[in-house]
1. Consider residue 163 carefully, then state whether it is open to solvent by less than 20 Å² (accessible area, probe 1.4 Å) and of a type in the set (Val, Ile, Thr).
2. Please specify each residue of the range 235-253 satisfying the condition of being closer than 19 Å to residue 28 by Cα and out of contact with any Gly (no Cβ under 9 Å at 6 or more places or on another chain).
3. Name the residue that is nearest to the chain's Cα centre (by Cα), counting only residues in the range 71-100 that are of a type in the set (S, T, N, Q) and closer than 19 Å to residue 149 by Cβ.
4. Looking only at the range 1-46, filter to residues that are of a type in the set (Ser, Thr, Tyr) and touching a residue at least 60 places away in the same chain (Cβ under 8 Å); which one of those is least open to solvent (accessible area, probe 1.4 Å)?
5. Go through (1) part of a helix (DSSP H, G or I); (2) open to solvent by 40 Å² or more (accessible area, probe 1.4 Å) for residue 211 and report which single condition fails.
6. Can you name every residue in the range 72-123 that is in contact with a Gly (Cβ under 7 Å, 6 or more places away or on another chain), modelled with pLDDT of 90 or more and either assigned to a loop (DSSP other than H, G, I, E, B) or open to solvent by 50 Å² or more (accessible area, probe 1.4 Å) (or both)?
7. Can you find, within the range 195-206, the residue that is most open to solvent (accessible area, probe 1.4 Å) among those that are outside any strand (DSSP E or B) and within 16 Å of residue 171 (Cβ to Cβ)?
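The values are calculated or read from the model by the stated rules, or taken from the named source; none is laboratory data. Everything numeric here is computed off the predicted structure, so don't read it as measured data. All Cβ positions, glycine included, derive from the backbone under ideal geometry; neighbour counts span all protein chains shown. Accessible surface is based on the protein model in full, side chains and every heavy atom, while ligands, DNA and RNA are left aside. Shrake-Rupley method; radii C 1.70, N 1.55, O 1.52, S 1.80 Å.
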Amino acid sequence: MLELKNVTKIYNQGLVTEACLFRDFNLTVRDGEFVAIVGSNGSGKTSMLNIICGSIPVESGQVLIDGRDITRTPDFKRYARIGRIFQNPATGTCPELTMLENLSLADNKGKPFGLSRAVSKKRIDFFRDQLAGLQLGLEDKLHVKMGALSGGQRQAVALLMATLSPLDFLILDEHTAALDPHTAEVIMELTNRVVQEKKLTAMMVTHNLRYAVEYGTRMLMMDRGQIVLDVAGEEKANTKIEDILEIFNRISIECGN
């Protein structure tokens with residue numbers, strides 16, 4: 001279980017551009033939830049993910065996983081149990097390395113480093129099986145450099161790499177935003193299948209309202225560092241895109257837009 005307790009985040013503290021994004025912010029994500037997060041630019045979506053992953057510090061409050069305080073734990077240690085897929089398909093993979101070499105690096109995540117070979121021939125069949133499960137024909141391209149793959153293919157491999165080792169959380173940061181509509185649909189369906197099959201706890205930031213409605217077990221809408229909508233279960237299943245748009249429009253009017 002993930003908990004954000006009384007988190008306060010201030011940008012440019014002490015400067016004329018000082019801005020308080022979160023003040024005493026609270027959120028609990030239970031094991032097994034797939035949370036879709038929507039909101040306008042500047043609402044705090046990505047900042048919240050960065051706080052969870054340790055990419056940015058907080059002024060006060062706590063970040064807890066299963067009751068363990070990780071607020072001051074550096075990001076590279078958190079990533080031992082957190083997988084993250086970024087908006088840019090080029091992020092999270094090494095373009096000059098082959099797919100096999102990328103998968104081998106991910107396969108060794110959290111394991112001690114020594115002088116043995118990073119690429120184990122004994123794991124090649126395993127990687128082929130994992131790639132075949134993506135149903136994108138990538139299992140025969142193990143020796144192709146990642147930089148030669150399409151954006152959608154790289155994002156699919158990044159998803160596989162992020163979930164090779166046991167995880168506490170999968171973080172999806174607008175991971176379909178840079179893809180063409182068809183490829184985005186493929187990656188979104190693949191994401192949903194991976195989350196369900198591996199029984200992951202996932203948090204997905206998206207600007208695609210349809211994805212937020214159709215996928216996941218819970219949906220949050222954020223505005224100026226606050227959660228203005230939180231629906232789950234049957235209530236989420238009954239939520240329509242029009243309902244979300246109505247809230248968006250009301251917020252825009254309140255902001256004078």
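1. Criteria met by residue 163.
2. In the first step, residues of the range 235-253 are kept if they are closer than 19 Å to residue 28 by Cα; the result is 235-236.
Across the range 235-253, the qualifying residue is only 235.
3. It comes out as 87.
4. Looking at residues that are of a type in the set (Ser, Thr, Tyr) and touching a residue at least 60 places away in the same chain (Cβ under 8 Å), I get 43.
5. (2)
6. Passing the criteria: 73, 74, 75, 86, 95, 96.
7. Initially, the range 195-206 is screened for residues outside any strand (DSSP E or B), giving 195-201, 206.
Cutting the leftovers down to within 16 Å of residue 171 (Cβ to Cβ) gives us 195, 198, 200-201, 206.
On the way: 195: 9, 198: 81, 200: 18, 201: 11, 206: 8 Å².
Among them, the one singled out is 198.
The rows are residues; the columns are (1) at pLDDT 90 or above; (2) farther than 17 Å from residue 88 by Cβ; (3) touching an Asp or Glu at 6+ places or on another chain (Cβ under 6 Å).
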{"site": "167", "(1), (2), (3)": "no, yes, no"}
{"site": "183", "(1), (2), (3)": "no, no, no"}
{"site": "192", "(1), (2), (3)": "yes, yes, no"}
{"site": "208", "(1), (2), (3)": "yes, no, no"}
{"site": "214", "(1), (2), (3)": "yes, yes, no"}
{"site": "229", "(1), (2), (3)": "yes, yes, no"}
